[in-house]
Amino acid sequence: MISSISSNRLAASQTDYSQRPSLAPANDPDQKVQQEPALKKEASKATDDKKVGELSEGDLKIIRELKQRDSEVRAHEAAHLAAAGGIATSGASFSYQQGPDGARYAIGGEVSIDTSPVSGDPAATIRKADTIRRAALAPAQPSGPDLQAAASATAMAAQAQVELLQKNQERQNGNKDQRGTQINLSA
(Lines give C-alpha, C1' and ligand atoms only; values in the text may rest on other atoms or scores of the structure.)
Protein backbone atom coordinates (compact mmCIF):
# COMPACT_ATOMS: atom_id res chain seq x y z
CA MET A 1 0.00 0.00 0.00
CA ILE A 2 1.15 3.49 -0.67
CA SER A 3 -0.33 5.89 1.81
CA SER A 4 0.95 9.41 2.30
CA ILE A 5 3.38 11.95 0.99
CA SER A 6 6.22 13.16 3.16
CA SER A 7 8.96 15.58 2.27
CA ASN A 8 11.52 12.91 1.43
CA ARG A 9 9.72 9.69 0.77
CA LEU A 10 6.39 8.01 0.53
CA ALA A 11 6.20 5.86 3.61
CA ALA A 12 3.82 3.26 2.45
CA SER A 13 1.86 1.93 5.35
CA GLN A 14 0.58 -1.53 5.93
CA THR A 15 -2.00 -2.70 3.42
CA ASP A 16 -5.39 -2.37 5.05
CA TYR A 17 -7.09 -5.71 5.17
CA SER A 18 -9.00 -4.77 8.29
CA GLN A 19 -12.32 -5.00 6.47
CA ARG A 20 -11.83 -8.75 6.54
CA PRO A 21 -11.99 -10.44 9.93
CA SER A 22 -8.88 -12.01 11.32
CA LEU A 23 -8.63 -15.51 9.96
CA ALA A 24 -6.32 -17.08 12.48
CA PRO A 25 -5.05 -16.15 15.90
CA ALA A 26 -2.20 -13.68 15.61
CA ASN A 27 0.05 -15.69 17.87
CA ASP A 28 3.24 -15.02 15.96
CA PRO A 29 5.63 -13.30 18.39
CA ASP A 30 7.43 -11.65 15.49
CA GLN A 31 4.38 -9.87 14.07
CA LYS A 32 6.25 -6.71 13.02
CA VAL A 33 6.68 -5.66 9.41
CA GLN A 34 9.60 -7.57 7.95
CA GLN A 35 11.71 -6.98 4.87
CA GLU A 36 10.91 -9.28 1.95
CA PRO A 37 13.02 -7.98 -0.95
CA ALA A 38 12.38 -10.77 -3.43
CA LEU A 39 8.58 -10.90 -3.03
CA LYS A 40 8.81 -14.67 -2.68
CA LYS A 41 6.60 -16.78 -0.49
CA GLU A 42 7.99 -17.27 2.96
CA ALA A 43 8.51 -20.92 3.77
CA SER A 44 9.18 -20.26 7.43
CA LYS A 45 7.36 -22.67 9.69
CA ALA A 46 7.05 -22.79 13.44
CA THR A 47 8.50 -25.76 15.31
CA ASP A 48 5.02 -26.97 16.21
CA ASP A 49 3.89 -27.43 12.58
CA LYS A 50 0.92 -29.67 12.16
CA LYS A 51 0.58 -32.06 9.31
CA VAL A 52 -2.31 -31.29 6.97
CA GLY A 53 -4.03 -34.54 7.99
CA GLU A 54 -4.11 -33.38 11.62
CA LEU A 55 -5.97 -30.13 10.87
CA SER A 56 -9.70 -29.71 11.23
CA GLU A 57 -11.91 -28.65 8.33
CA GLY A 58 -12.18 -25.20 9.96
CA ASP A 59 -8.40 -24.92 10.14
CA LEU A 60 -8.09 -25.93 6.50
CA LYS A 61 -10.58 -23.20 5.56
CA ILE A 62 -8.57 -20.64 7.53
CA ILE A 63 -5.38 -21.77 5.77
CA ARG A 64 -7.03 -21.42 2.34
CA GLU A 65 -8.18 -17.89 3.24
CA LEU A 66 -4.75 -16.96 4.60
CA LYS A 67 -3.10 -18.27 1.44
CA GLN A 68 -5.49 -16.21 -0.67
CA ARG A 69 -4.82 -13.08 1.40
CA ASP A 70 -1.07 -13.75 1.20
CA SER A 71 -1.32 -13.90 -2.60
CA GLU A 72 -3.39 -10.69 -2.73
CA VAL A 73 -0.95 -8.81 -0.49
CA ARG A 74 2.11 -9.94 -2.43
CA ALA A 75 0.50 -9.10 -5.79
CA HIS A 76 -0.58 -5.70 -4.46
CA GLU A 77 2.91 -4.81 -3.24
CA ALA A 78 4.57 -6.26 -6.36
CA ALA A 79 2.39 -3.96 -8.48
CA HIS A 80 3.48 -0.92 -6.45
CA LEU A 81 7.13 -1.94 -6.68
CA ALA A 82 7.05 -2.60 -10.43
CA ALA A 83 5.36 0.72 -11.21
CA ALA A 84 7.62 2.71 -8.87
CA GLY A 85 10.73 1.80 -10.85
CA GLY A 86 13.73 3.88 -9.88
CA ILE A 87 11.97 5.90 -7.20
CA ALA A 88 11.45 2.87 -4.93
CA THR A 89 13.70 3.24 -1.89
CA SER A 90 13.22 -0.31 -0.66
CA GLY A 91 11.74 -3.64 -1.57
CA ALA A 92 8.38 -4.72 -0.25
CA SER A 93 8.01 -5.35 3.47
CA PHE A 94 5.30 -7.54 4.91
CA SER A 95 3.58 -8.19 8.21
CA TYR A 96 2.65 -11.77 8.92
CA GLN A 97 0.06 -13.86 10.68
CA GLN A 98 0.69 -17.44 11.70
CA GLY A 99 -1.85 -19.95 10.48
CA PRO A 100 -3.07 -23.05 12.28
CA ASP A 101 -0.52 -25.03 10.28
CA GLY A 102 2.32 -23.01 11.82
CA ALA A 103 3.19 -21.27 8.53
CA ARG A 104 3.40 -17.50 8.36
CA TYR A 105 1.22 -15.71 5.81
CA ALA A 106 1.56 -12.10 4.64
CA ILE A 107 -1.48 -10.09 5.73
CA GLY A 108 -0.14 -6.58 5.09
CA GLY A 109 2.66 -4.88 3.28
CA GLU A 110 4.37 -1.71 2.18
CA VAL A 111 6.72 -0.29 -0.42
CA SER A 112 8.62 2.93 0.27
CA ILE A 113 9.28 5.36 -2.56
CA ASP A 114 10.95 8.75 -2.84
CA THR A 115 8.28 11.43 -3.16
CA SER A 116 10.40 14.54 -2.88
CA PRO A 117 10.13 17.04 -5.75
CA VAL A 118 13.11 17.38 -8.06
CA SER A 119 14.81 20.53 -6.83
CA GLY A 120 14.95 23.31 -9.41
CA ASP A 121 13.35 21.22 -12.17
CA PRO A 122 9.56 21.45 -12.28
CA ALA A 123 9.38 19.41 -15.52
CA ALA A 124 11.22 16.54 -13.83
CA THR A 125 8.96 16.91 -10.79
CA ILE A 126 5.92 16.53 -13.05
CA ARG A 127 7.37 13.33 -14.51
CA LYS A 128 8.20 12.01 -11.03
CA ALA A 129 4.70 12.85 -9.75
CA ASP A 130 3.28 10.86 -12.67
CA THR A 131 5.43 7.87 -11.65
CA ILE A 132 4.26 8.22 -8.02
CA ARG A 133 0.64 8.34 -9.18
CA ARG A 134 1.12 5.24 -11.38
CA ALA A 135 2.78 3.38 -8.50
CA ALA A 136 -0.03 4.28 -6.10
CA LEU A 137 -2.72 3.17 -8.55
CA ALA A 138 -0.90 0.11 -9.90
CA PRO A 139 -2.69 -2.59 -7.87
CA ALA A 140 -5.97 -3.94 -9.20
CA GLN A 141 -7.74 -2.60 -6.12
CA PRO A 142 -5.94 0.47 -4.73
CA SER A 143 -6.63 1.09 -1.06
CA GLY A 144 -7.84 4.38 0.41
CA PRO A 145 -4.29 5.42 1.34
CA ASP A 146 -3.15 4.47 -2.18
CA LEU A 147 -5.79 6.83 -3.58
CA GLN A 148 -4.64 9.56 -1.17
CA ALA A 149 -1.04 9.11 -2.34
CA ALA A 150 -2.19 9.40 -5.95
CA ALA A 151 -4.09 12.59 -5.11
CA SER A 152 -1.03 14.03 -3.35
CA ALA A 153 1.08 13.22 -6.41
CA THR A 154 -1.48 15.00 -8.58
CA ALA A 155 -1.23 18.04 -6.30
CA MET A 156 2.58 17.92 -6.49
CA ALA A 157 2.36 17.82 -10.29
CA ALA A 158 -0.06 20.77 -10.32
CA GLN A 159 2.31 22.81 -8.14
CA ALA A 160 5.22 21.92 -10.41
CA GLN A 161 3.13 22.90 -13.45
CA VAL A 162 2.53 26.33 -11.89
CA GLU A 163 6.27 26.71 -11.25
CA LEU A 164 7.04 25.68 -14.82
CA LEU A 165 4.56 28.22 -16.21
CA GLN A 166 6.04 30.92 -13.98
CA LYS A 167 9.56 30.10 -15.19
CA ASN A 168 8.44 30.24 -18.80
CA GLN A 169 6.61 33.51 -18.23
CA GLU A 170 9.64 35.03 -16.50
CA ARG A 171 11.82 33.91 -19.38
CA GLN A 172 9.46 35.50 -21.91
CA ASN A 173 9.13 38.68 -19.87
CA GLY A 174 12.89 38.84 -19.55
CA ASN A 175 13.26 38.68 -23.32
CA LYS A 176 10.68 41.46 -23.80
CA ASP A 177 12.42 43.67 -21.26
CA GLN A 178 15.74 43.20 -23.01
CA ARG A 179 14.22 44.11 -26.38
CA GLY A 180 12.57 47.20 -24.92
CA THR A 181 15.80 48.53 -23.42
CA GLN A 182 17.91 48.31 -26.56
CA ILE A 183 18.64 51.69 -28.07
CA ASN A 184 19.98 52.22 -31.56
CA LEU A 185 22.62 54.93 -31.28
CA SER A 186 23.68 55.01 -34.88
CA ALA A 187 22.75 58.12 -36.90
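The values are calculated or read from the model by the stated rules, or taken from the named source; none is laboratory data. All values reported here derive from a predicted model rather than from experimental measurement. So basically every Cβ, Gly included, is an ideal-geometry build from the backbone, and we count neighbours across all protein chains shown.
Please enumerate the residues belonging to the range 120-142 that are aliphatic (A, V, I, L, M) and over 10 Å from the mean Cα position of the chain (by Cα). The answer is Ala123, Ala124, Ile126, Ala129, Ala140. Just so you know, in the range 91-147 the residues that are in contact with a Pro (Cβ under 9 Å, 6 or more places away or on another chain) and part of a helix (DSSP H, G or I) include one that is surrounded by the most Cβ atoms within 10 Å (Cβ to Cβ), and it is Ala136.
Residues are listed down the side, and each one gets a yes or a no for (1) within 30 Å of Gly108 (Cβ to Cβ); (2) under 12 Å from the mean Cα position of the chain (by Cα); (3) outside any loop (DSSP other than H, G, I, E, B); (4) modelled with pLDDT under 90:
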| position | (1), (2), (3), (4) |
| --- | --- |
| Ala151 | yes, no, yes, no |
| Ala158 | no, no, yes, no |
| Gln161 | no, no, yes, no |
| Gly180 | no, no, yes, yes |
